[in-house]
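Heads up, the thing below is written out as structure tokens.
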Amino acid sequence: MVQLYQVAVRSRLLLGTARYPSPAVLAAAVQAARAEVVTVSLRRESGGERSGQAFWSLVRELGVRVLPNTAGCHSVKEALTTAHMAREVFGTTWIKLEVIGEDDTLQPDVFGLTEAARLLCAEGFEVFPYTTEDLVVAERLLAAGCRVLMPWGAPIGSGRGLNNLFGLRALRAHFPEVPLIIDAGLGVPSHAAQALELGFDAVLVNTAVAQARDPVQMAAAFALAVEAGAAARLAGPIEPRDMAAPSTPLIGTAFRG
Amino acid sequence: MKIIVNGAVHETAAAELSGVLGELGFGEAVVSTAVNGEFVPASVRAHTALAAGDRVEVLAPMQGG
């Protein structure tokens with residue numbers, strides 16, 4: 001189980017809801033992923049089209065918990081206003097806090113992020129900050145009141161996997177008790193398995209599933225990978241070594257001596 | 001008066017935010033609102049007076065990652 005503030009979730013795969021070929025495929029993917037938490041957002045609504053209303057009905061029918069994000073926000077002010085709007089619409093104090101600092105990489109503005117996190121935590125929000133693997137920033141976010149961290153694996157939508165293994169391992173080692181969710185940049189299920197093997201508590205995946213040729217099958221594949229990685233972590237992986245170590249016993253080898 | 005709703009100019013006869021939402025057909029839709037970058041809770045929309053040039057945001061649930 002992963003403890004996300006007051007809620008313990010069984011599934012270690014959180015799923016984004018954007019960029020699917022259709023609402024039906026999204027719904028099937030959420031089920032195939034066995035996801036208990038999905039991310040959602042807020043966008044301008046047209047009174048005529050009301051596309052957001054249909055989407056919200058769909059998500060409610062899925063019976064999953066929603067984690068609203070502040071995607072697209074580039075300042076503390078924008079993020080705070082979006083968080084307040086999300087809390088009202090979605091009826092949750094959970095907020096995946098994104099404050100973007102650089103458009104090519106969508107790298108978090110960690111200065112704005114820590115400030116926004118401090119203000120939102122003080123207001124009673126349960127903040128899931130989208131951050132880098134930086135240890136000092138992580139420390140500041142925890143001091144601000146965050147109880148979950150969401151470090152990036154790689155830039156959003158890049159599919160590159162865990163870009164900075166050293167940094168991510170250090171983050172895991174420094175904060176052994178903090179729920180850590182790898183958010184962004186995963187491309188294939190083996191990336192997710194690797195994250196869980198390293199001891200991360202969960203992963204959040206969107207583009208890798210939504211843009212796959214068969215999103216439903218890919219969602220199922222990620223679910224298996226996450227289970228495999230978590231089981232491997234519990235089983236205790238061996239340490240890598242530089243030299244070979246024969247796995248077949250040498251005693252009694254034929255043709256020797 | 002002219003106000004800006006979701007980035008587009010809107011000529012409104014309403015004096016309060018709730019009236020503008022009615023004009024635009026939001027009715028009972030699940031939306032959240034902000035005026036000039038400040039969140040306006042649903043409970044105070046009827047008492048939120050607007051002035052010419054105000055920037056209104058009307059947001060709804062949308063897909064997100």
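Listing for the model above:
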| quantity | calculated |
| --- | --- |
| Residue match in the stretch A:234-247 (condition: in contact (Cβ under 8 Å) with a residue 12 or more places away in the chain and either assigned to a helix (DSSP H, G or I) or surrounded by 21 or more Cβ atoms within 10 Å (Cβ to Cβ) (or both)) | no |
| Residue match in the stretch B:53-60 (condition: part of a loop (DSSP other than H, G, I, E, B) and either aromatic (F, W, Y) or more than 10 Å from chain A (Cβ to nearest Cβ) (or both)) | yes |
| Residue check, A:T81 modelled with pLDDT of 95 or more, among the hydroxyl-bearing types (S, T, Y) and farther than 28 Å from A:A32 by Cα | yes |
| The lone exception for A:A71 - which of (1) away from chain B (no Cβ under 14 Å); (2) buried (at least 20 other Cβ atoms within 10 Å of the Cβ); (3) assigned to a loop (DSSP other than H, G, I, E, B) it fails | (1) |
| Residues that are basic (K, R) and more than 16 Å from the chain's Cα centre (by Cα), drawn from the stretch A:1-30 | A:R19 |
| Tally of residues being on the phi < 0 side of the Ramachandran plot and within 12 Å of the chain's Cα centre (by Cα) across the stretch A:163-190 | 6 |
| Complete set of residues in the stretch A:45-61 that are among the aliphatic types (A, V, I, L, M), without any contact (Cβ under 8 Å) to a residue 40 or more places away in the chain and surrounded by 16 or more Cβ atoms within 10 Å (Cβ to Cβ) | A:L58 |
| Test result for B:A46, outside any loop (DSSP other than H, G, I, E, B) and more than 7 Å from chain A (Cβ to nearest Cβ) | yes |
| Selection status of A:Y20, among the aromatic types (F, W, Y) and surrounded by fewer than 21 Cβ atoms within 10 Å (Cβ to Cβ) | no |
| Sole exception among (1) over 17 Å from the mean Cα position of the chain (by Cα); (2) within 30 Å of A:Q217 (Cβ to Cβ) for A:E102, by number | (2) |
| Selection status of A:V89, more than 14 Å from chain B (Cβ to nearest Cβ) and of a type in the set (A, V, I, L, M) | no |
| Scope the stretch A:198-218; condition within 14 Å of chain B (Cβ to nearest Cβ) and either assigned to a helix (DSSP H, G or I) or surrounded by fewer than 21 Cβ atoms within 10 Å (Cβ to Cβ) (or both); matching residues | A:T207, A:A208, A:V209, A:A210, A:Q211, A:P215 |
| Residue ID - nearest to the chain's Cα centre (by Cα), chosen from residues in the stretch B:18-35 that are within 18 Å of A:T70 (Cα to Cα) and not β-branched (V, I, T) | B:A34 |
| Filtered residue count, the stretch B:1-42, keeping only those that are in contact (Cβ under 8 Å) with a residue 12 or more places away in the chain, at the interface with chain A (Cβ under 8 Å from one of its Cβ atoms) and in a loop (DSSP other than H, G, I, E, B) | 7 |
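The values are calculated or read from the model by the stated rules, or taken from the named source; none is laboratory data. The model shown is predicted, which means the values in this text are computed figures rather than measured ones. When we count neighbours, we look across all protein chains shown, and the Cβ atoms used for this are built from the backbone with ideal geometry, even at glycine.
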